[in-house]
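**Student:** Here it is: the structure, laid out below.
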Amino acid sequence: MSALNLDHISKIYQGPDGQVSALQDFSLEVSTGEFVAVRGPSGCGKSTLLLIAGGLLAPDAGKVILDGEDVYAKSLEERARYRSLKLGFVFQQFHLVPYLSVLNNVLTAAIPNAANGTRERAESLIARFGLEPRKNHVPGQLSTGERQRAALARALFNEPKLLLADEPTGNLDRDNADAVLAHLEEFKSQGGAVLLVTHDETAASHADRQVELGQLSTK
């Protein structure tokens, strides 16, 4: 079963020296229970690909089908809600709210879909990622590895169908990087899908399948 289908996606930016083609007629399917890594050098369109896959940047051509639904056929409001329920995002820079505790950062994932038991869910994830002693600390009081684990807990809060990971190990030492990749593999083994973009060969080696992207082209 397909979790994500990128169907003939193209994206062009207007640059100072003309049009820059970030993606051109690119197609990719990620199945349920599959871990796919997209590799390529900096500036090859990896982040553009992830933004489009995540419903955050409309392509100029092509369709994005997430869990059987056309993401960009939805209104902005519908798309935001659908994204919050179906997707989890993990970024290199973590994007934690600096003035909120670990617990409250994880709970921000509940805002679009407030329901009973949200605190218990957050507490459970925090314990799972070994952050219980740090749950009342703000991000500035955490180690780099702890910040990424907090970000993972937030990403998993709504039990998404698909995790989108943008260089999630880029700021981590090898031990912490391996721990994050193990959590991604665990998510996949439990029936989730993972799309990882990275230039790191070691990170990509954890995936079931690798896809290569080339350099951006200028017209």
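The values are calculated or read from the model by the stated rules, or taken from the named source; none is laboratory data. Note that the structure is a prediction, hence the values are computed from the model and not measured. Cβ atoms come from the backbone with ideal geometry, glycine included; neighbour counts cover every protein chain shown.
**Student:** L164 passes all but one of (1) touching a residue at least 40 places away in the same chain (Cβ under 8 Å); (2) assigned to a helix (DSSP H, G or I); which number fails?
**Tutor:** (2)
**Student:** So, in the range 181-217, of the ones that are in contact (Cβ under 8 Å) with a residue 60 or more places away in the chain and in a helix (DSSP H, G or I), which residue ends up nearest to the chain's Cα centre (by Cα)?
**Tutor:** Here the residue is L184.
**Student:** Give the residues of the range 49-85 that are among the small types (G, A, S) and not in a helix (DSSP H, G or I), sorted by residue number.
**Tutor:** Step one: filter the range 49-85 for residues among the small types (G, A, S), giving 53-55, 58, 61-62, 68, 73, 75, 80, 84.
Across the range 49-85, the qualifying residues are G54, G55, A58, A61, G62, G68, S75.
**Student:** Further question: Criterion first (closer than 26 Å to R39 by Cβ, without any contact (Cβ under 8 Å) to a residue 60 or more places away in the chain and either part of a loop (DSSP other than H, G, I, E, B) or not β-branched (V, I, T) (or both)) does G145 satisfy it?
**Tutor:** Working: closer than 26 Å to R39 by Cβ: yes; without any contact (Cβ under 8 Å) to a residue 60 or more places away in the chain: yes; either part of a loop (DSSP other than H, G, I, E, B) or not β-branched (V, I, T) (or both): yes.
Yes: the conditions hold for G145.
**Student:** Quick check on the range 1-20: of everything there that is of a type in the set (G, A, S) and at pLDDT below 85, which residue is nearest to P59 (Cα to Cα)? First the steps, then the outcome.
**Tutor:** Initially, the range 1-20 is screened for residues of a type in the set (G, A, S), giving 2-3, 10, 15, 18.
This time we only want the ones that are at pLDDT below 85, so: 15, 18.
Details: G15: 17, G18: 18 Å.
Among those residues, the one meeting the criterion is G15.
**Student:** Considering only residues that are among the aliphatic types (A, V, I, L, M) and over 26 Å from T169 (Cα atoms), look in the range 65-79 and name the one that is modelled with the lowest pLDDT. Can you show your working first?
**Tutor:** Residues of the range 65-79 among the aliphatic types (A, V, I, L, M): 65-66, 71, 73, 76.
Filter once more, so that each one left must be over 26 Å from T169 (Cα atoms): 65, 71, 73, 76.
Values: I65: 96, V71: 95, A73: 96, L76: 92.
Filtering the range 65-79 for residues that are among the aliphatic types (A, V, I, L, M) and over 26 Å from T169 (Cα atoms), the one modelled with the lowest pLDDT comes out as L76.
**Student:** Scan the range 23-38 and report the pairs whose first residue is at positive phi and whose second residue is part of a strand (DSSP E or B) and polar (S, T, N, Q), with Cβ atoms within less than 8 Å and a gap of 6+ or a chain change.
**Tutor:** Note: pairs meeting the criteria are D25/S10.
**Student:** What number of residues within the range 83-92 satisfy the criterion of being farther than 16 Å from L49 by Cα and modelled with pLDDT of 90 or more? Before the answer, list the steps.
**Tutor:** Step one: of the range 83-92, the residues farther than 16 Å from L49 by Cα are 84-86.
Filter again for modelled with pLDDT of 90 or more, leaving 86.
So the answer is 1.
**Student:** Would you check if there is a residue in the range 117-132 being under 22 Å from G54 (Cα atoms), assigned to a loop (DSSP other than H, G, I, E, B), in contact (Cβ under 8 Å) with a residue 12 or more places away in the chain and out of contact with any Gly (no Cβ under 9 Å at 6 or more places or on another chain)?
**Tutor:** As a first pass, look at the range 117-132 and keep what is under 22 Å from G54 (Cα atoms): none.
Looking for residues that are under 22 Å from G54 (Cα atoms), assigned to a loop (DSSP other than H, G, I, E, B), in contact (Cβ under 8 Å) with a residue 12 or more places away in the chain and out of contact with any Gly (no Cβ under 9 Å at 6 or more places or on another chain), one finds none in the range 117-132, hence no.
**Student:** Taking the range 93-108 on its own, how many of its residues are at pLDDT below 90 and either buried (at least 18 other Cβ atoms within 10 Å of the Cβ) or over 24 Å from L50 (Cα atoms) (or both)?
**Tutor:** Result for the range 93-108: 1.
**Student:** What number of residues within the range 25-50 satisfy the criterion of being at pLDDT 90 or above, within 19 Å of L213 (Cβ to Cβ) and surrounded by fewer than 18 Cβ atoms within 10 Å (Cβ to Cβ)? Break it down stepwise before answering.
**Tutor:** Filtering the range 25-50 for residues at pLDDT 90 or above gives 25-39, 48-50.
Within this subset, residues satisfying the condition of being within 19 Å of L213 (Cβ to Cβ) are 25-30, 34-39, 48-50.
Applying the additional criterion that residues be surrounded by fewer than 18 Cβ atoms within 10 Å (Cβ to Cβ) yields 25, 27-29.
Residues in the range 25-50 being at pLDDT 90 or above, within 19 Å of L213 (Cβ to Cβ) and surrounded by fewer than 18 Cβ atoms within 10 Å (Cβ to Cβ): 4 in total.
**Student:** Here's a follow-up. Tally the residues that are outside any strand (DSSP E or B) and closer than 18 Å to P160 by Cβ, restricting the search to the range 1-48.
**Tutor:** Step one: filter the range 1-48 for residues outside any strand (DSSP E or B), giving 1, 16-17, 32-34, 40-48.
Adding the requirement that they be closer than 18 Å to P160 by Cβ leaves 1, 32-34.
The total comes to 4.
**Student:** Continuing with the same structure: Would you confirm whether or not the range 97-112 contains a residue that is within 30 Å of I9 (Cα to Cα) and not β-branched (V, I, T)? It would help to see each step written out before you state the result.
**Tutor:** Residues of the range 97-112 that are within 30 Å of I9 (Cα to Cα), as a first pass: 109, 112.
Now narrow it down to the ones that are not β-branched (V, I, T): 109, 112.
Taking every residue of the range 97-112 in turn, at least one turns out to be within 30 Å of I9 (Cα to Cα) and not β-branched (V, I, T).
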